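Asks: Following this message is one structure expressed as structure tokens.
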Amino acid sequence: MPEEAGFPPAKRFRPGAGPPRRAGSCPPGRRVVMLLAAGGGGGGGGRRQQPPLAQPSASPYPEAVELQRRSLPIFQARGQLLAQLRNLDSAVLLGETGSGKTTQIPQYLYEGGIGRQAIIAVTQPRRVAAISLATRVSDEKRTELGKLVGYTVRFDDVTSEDTKIKFLTDGMLLREAISDSLLRKYSCVILDEAHERTIHTDVLFGVVKAAQKRRKELGKLPLKVIVMSATMDVDLFSQYFSGAPVLYLEGRQHPIQIFYTKQPQHDYLHAALVSVFQIHQEAPCSQDILVFLTGQEEIEAMSKTCRDIAKHLPDGCSSMLVLPLYASLPYAQQLRVFQGAPKGCRKVIISTNIAETSITITGIKYVVDTGMVKAKKYNPDSGLEVLAVQRVSKTQAWQRTGRAGREDSGVCYRLYTEDEFEKFEKMTVPEIQRCNLTSVTLQLLAMKVPDVLTFDFMSKPSPDHIQAAIAQLELLGALENKDGQLTLTPIGRKMAAFPLEPKFAKTILLSPKFHCTEEILTIISLLSVDSVLYNPPSRRDEVQAVRKKFISSEGDHITLLNIYRAFKNTGRNKDWCKENFVNSKNMMLVAEVRSQLRDICFKMSMPIASSRGDTESVRRCLAHSLFVSTAELQPDGSYATTDTRQPVAIHPSSVLFHCKPACVVYTELLFTNKCYMRDLCVVDAEWLYEAAPDFFRRKLRASRN
DNA sequence: GAGCACTGC
């Protein structure tokens, strides 16, 4: 990169109006049923309404903890909040980051005697959040974690009979709903971070609404539902819960100055580079920069360019510590973003949207937002998932901007014009409308939802979309049609018990027939976590040499099986992982997943046999369960799927990349520049006909017509 | 011929 690129022309930005309608000011005209003034000098009246528990004289806590709780903006509104929440079945709570809503509301409810008859559940989209929030709240209550306050996430249940406030992942509550769709354990469910609209939260909206209604009809303990959101788009939540009131809480966000570009930027990477060095030249070096890009490759390239330019800066310029950040980066390298830069050195973090929600870095003064994101879209017609670089939504842009104002006032450079911004989508399309619904549909059927096609989703997926999922489940033998009513077959019910994609659950359930359950458990565990293979681009030759000894000409599944075996035989050694370019953290997770899946098999009294060295039975088992995902070699040397004749290619990460097997099953199709098959296994076409004669006969006829 | 945003059970 030429040096002149580092020194930008004079200001190319123009100031924006600032965050006009952030959750920082309640916009006029919004239907906020009740306004809770909090923080500042707002809340004089609230104090008289406080129940005695919150008064210092009655407080069992040391003064410091109590003072800290009292200093939160939300505290002033405590009395009003409790008075409201006591009488409401459902409420929507709009609270900015830093308002303290997530840690305080569950405590207020408990202290106020609301929901004490049973457990108060607080859901989170992420495990770490559930764990750290539970830890903090149990500290504030001066109780041992797992007693009054606990958490439940996959692999980790820190609760007891005494637990009254329980933090859990939204996926975990959804799983609980399969065995008890009325959520009888709970008196109150708080759905936090609802604005993120994860697929699990979206399904939970429907589940809690139905449970609330049904419990009322049955005259059981009422279920209180509180939806918490950090963005202004709460009308939808309110409407969905029959016009539930919106309670508004002010937070503690610092002002952020926003600059837009004057002209649209055709090369956002170059624009980002220029902005970084413009800031670097002008701002004190103690102020760190966070840049949002779209993916690993882009981030690594940009990091290198920044380092190269920073090396050749003129005297007097401070130095620069450039840190990439993305999910597949090894954990130790991710941690570096939390360490302070050496004196006289500026930290520049170049990140994917992982820094938007999942990872919060302190000390960020400047945010550079390219306005781009890599995200998945789903096409129900073709069943294809497309991973594409696209524009962010307005809410996403505000989320990024907010990362600049966490401790102090900040600045956000938006690498697009204000007009462009106005044309961004208002909200990110909820995940439930963007991904394959096979798992969700299976779960809803396991909860005995009367009709999945008319299930009360807050944002309905298209009927085609649900129909595609039903068709997939039918092929897997999970469904039967009883008098026009869809119900699960015994196999389907068993599939729902596994925390896996239905087709993977089916693979496990079929494995006893092929006497290879041990091997299949390993393979499915490996497929259901992030790749255990670490491929640093700079050491490609080394990686290839080391990996050679594991590679099987039978494909990726058998290769992965070989790697896991070697890992196990060395006693799960971390040094072995390092030498063999294996991600040890993911490998440990594989072992954990495997033992969970094995436990579920035990509970079903499944025989667990090993095929020992026989890999053919393993591949037969894969062929029998993954037959819908098959591709065949065409006369011209390309591949096409058996199902829809979609042209596909072998992904470069596959061990079969340079091979041309006649027939393969794959575990995933991904559309980037091309349509790629990932994780391939060489199979015999005959096995497939054996597995699903009807399916392939139909396909054959279809291709002849 | 050549590549993978982020979660979660």
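Asks: How far is it, in nm, from the label point at A:Ala685 to the one at A:Gln117 when both lie 7 Å from their Cα along the line to the Cβ?
Replies: Once both label points are built, they end up 6.5 nm from each other.
Asks: Between A:Arg214 and A:Ser462, what is the spin-label point distance in nm, taking each point 7 Å from the Cα along the Cα→C-beta axis?
Replies: 3.1
Asks: A further question on this structure: Quick one: Cα centre-to-centre distance for segment A:523-601 and segment A:119-188, in angstrom?
Replies: 32
Asks: Let me ask something else. On the first, second and third principal axes, largest extent first, how far apart are the outermost C-alpha atoms of segment A:553-608 in Å?
Replies: Taking max minus min along each principal axis of the Cα atoms, segment A:553-608 gives 39, 27, 17 Å.
Asks: A further question on this structure: May I ask you to order A:620-629, A:417-426, A:113-122 by the average number of other C-beta atoms within 10 Å around their residues, highest value first?
Replies: Descending mean neighbour count gives A:620-629, A:113-122, A:417-426.
Asks: Using r as the Cβ-Cβ distance of A:Gln281 and A:Thr362, and R0 as 22 Å, what FRET efficiency do you calculate, to the nearest 0.05?
Replies: It comes out at approximately 0.40.
Asks: Further, regarding this structure: Once fully extended, how much extra length lies between A:Thr644 and A:Thr135, figured as 0.36 nm per residue of separation less the alpha-carbon to alpha-carbon distance?
Replies: Values: separation 509, 0.36 × 509 = 183.24 nm, distance 5.03 nm.
Residue separation times 0.36 nm, minus the Cα-Cα distance, leaves 178.2 nm.
Asks: For chain A, how big is the tail of P(r) above 33 Å, as a whole percent of Cα pairs?
Replies: The proportion of pairs with Cα distances above 33 Å equals 56 percent.
Asks: What does the accessible area per residue of chain A come to in Å², with a 1.4 Å probe and no ligands, DNA or RNA counted? Walk me through the numbers on the way to the answer.
Replies: Working: 31530 Å² over 705 residues.
On a per-residue basis, 45 Å².
Asks: Further, regarding this structure: Out of all DSSP beta bridges with both ends in segment A:34-249, state the antiparallel percent to the nearest 5.
Replies: Percent antiparallel among DSSP bridges in segment A:34-249 is about 10.
Asks: What net charge is computed for the residues neighbouring A:Ala301, neighbours being all others with C-beta under 14 Å from the C-beta of A:Ala301, Lys and Arg scored +1, Asp and Glu -1?
Replies: -3
Asks: Of the listed pairs A:Lys185/A:Lys213; A:Lys262/A:Lys426; A:Lys224/A:Lys448; A:Lys101/A:Lys224; A:Lys374/A:Lys578, which have alpha-carbon separations greater than 20 Å here?
Replies: Beyond 20 Å: A:Lys262/A:Lys426; A:Lys224/A:Lys448; A:Lys374/A:Lys578.
Asks: Okay, next question. Out of the total accessible area of chain A (probe 1.4 Å, heavy atoms of protein only), what percent is carbon and sulfur? Let's see the in-between values first.
Replies: Working: 15840 of 31530 Å².
Its accessible area is 50 percent carbon and sulfur atoms.
Asks: For A:Glu542, what charge total do you get from the other residues with a beta carbon under 15 Å from its beta carbon, if Lys and Arg give +1 and Asp and Glu give -1?
Replies: Around A:Glu542, the charge tally is +4.
Asks: Distance between the C-alpha centers of segment A:391-457 and segment A:628-705? Whole Å please.
Replies: The distance from the Cα centre of segment A:391-457 to that of segment A:628-705 comes to 33 Å.
Asks: On the first, second and third principal axes, largest extent first, how far apart are the outermost C-alpha atoms of segment A:34-249 in Å?
Replies: 44, 37, 33
Asks: Along the Cα-to-C-beta direction of A:Glu66, a point sits 7 Å from the Cα; which residues of segment A:109-133 have their amide N less than 19 Å from that point?
Replies: Output list for this probe position: A:109-113.
Asks: For the ranges A:539-546, A:306-313, what's the packing order if you count other beta-carbon atoms within 10 Å of each residue, average per peptide, and put the highest first?
Replies: A:306-313, A:539-546
Asks: Follow-up question, since we're still on this one. Nearest 5 is fine: what % of DSSP beta bridges in chain A come out antiparallel, could you say?
Replies: Taking every DSSP beta bridge with both residues in chain A, the antiparallel ones total about 40 percent.
Asks: Describe numerically, in nm with one decimal, the distance between label points set 7 Å from Cα along Cα→Cβ at A:Asp162 and at A:Leu335.
Replies: 3.2
Asks: Between A:Arg539 and A:Phe602, what FRET efficiency follows from the Cβ-Cβ distance if R0 is 35 Å, with the result rounded to 0.05?
Replies: Details: r = 41 Å, r/R0 = 1.18.
The calculated FRET efficiency here is 0.25.
Asks: Another question, then. When N counts the residues of segment A:256-429, how does its alpha-carbon radius of gyration compare numerically with 2.2 N^0.38 Å, as a ratio? Could the numbers behind the result be given before it?
Replies: Values: Rg = 16.1 Å, N = 174, 2.2 N^0.38 = 15.6 Å.
Working it through for segment A:256-429, the quotient is 1.03.
Asks: Taking K and R as +1 and D and E as -1, what net charge do the other residues with C-beta under 14 Å from the C-beta of A:Ala118 add up to?
Replies: +4
Asks: Considering the dipole of chain A built from charges on the beta carbon (Lys and Arg +1, Asp and Glu -1) around the Cα centre, which of A:Ser181, A:Val655, A:Gly484 is farthest to its positive end?
Replies: A:Ser181
Asks: Between A:Ile551 and A:Gln485, what's the calculated FRET efficiency when r is the beta-carbon distance and R0 is 41 Å? Round to 0.05.
Replies: Details: r = 49 Å, r/R0 = 1.19.
So the FRET efficiency works out to roughly 0.25.
Asks: Straight-line reach from A:Lys674: which aspartates and glutamates fall under 12 Å, measuring Cα to Cα and dropping same-chain residues less than 8 apart?
Replies: A:Glu385
Asks: Share of antiparallel DSSP beta bridges in segment A:134-267, in percent to the nearest 5?
Replies: Working: 3 of 11 bridges.
If I count the DSSP bridges inside segment A:134-267, around 25 percent turn out antiparallel.
Asks: If each DSSP helix of 4+ residues adds -39,500 (n - 2.57) and the sum is divided by the residues in chain A, what number results at 222 nm, nearest 500 deg cm²/dmol?
Replies: -11000 deg cm²/dmol
Asks: Mind listing the Cα extents of segment A:127-211 along all three principal axes, in Å, largest one first?
Replies: Largest first, segment A:127-211 extends 35, 26, 23 Å along its Cα principal axes.
Asks: Once fully extended, how much extra length lies between A:Ala566 and A:Arg184, figured as 0.36 nm per residue of separation less the alpha-carbon to alpha-carbon distance?
Replies: Result for the pair: 132.9 nm of gain on full extension.
The values are calculated or read from the model by the stated rules, or taken from the named source; none is laboratory data. Since the model is a prediction, treat every value here as computed from it, not as a measurement. So basically every Cβ, Gly included, is an ideal-geometry build from the backbone, and we count neighbours across all protein chains shown. What goes into the accessible areas is simple: the full protein's heavy atoms, side chains included, and nothing from ligands, DNA or RNA. Shrake-Rupley method; radii C 1.70, N 1.55, O 1.52, S 1.80 Å.
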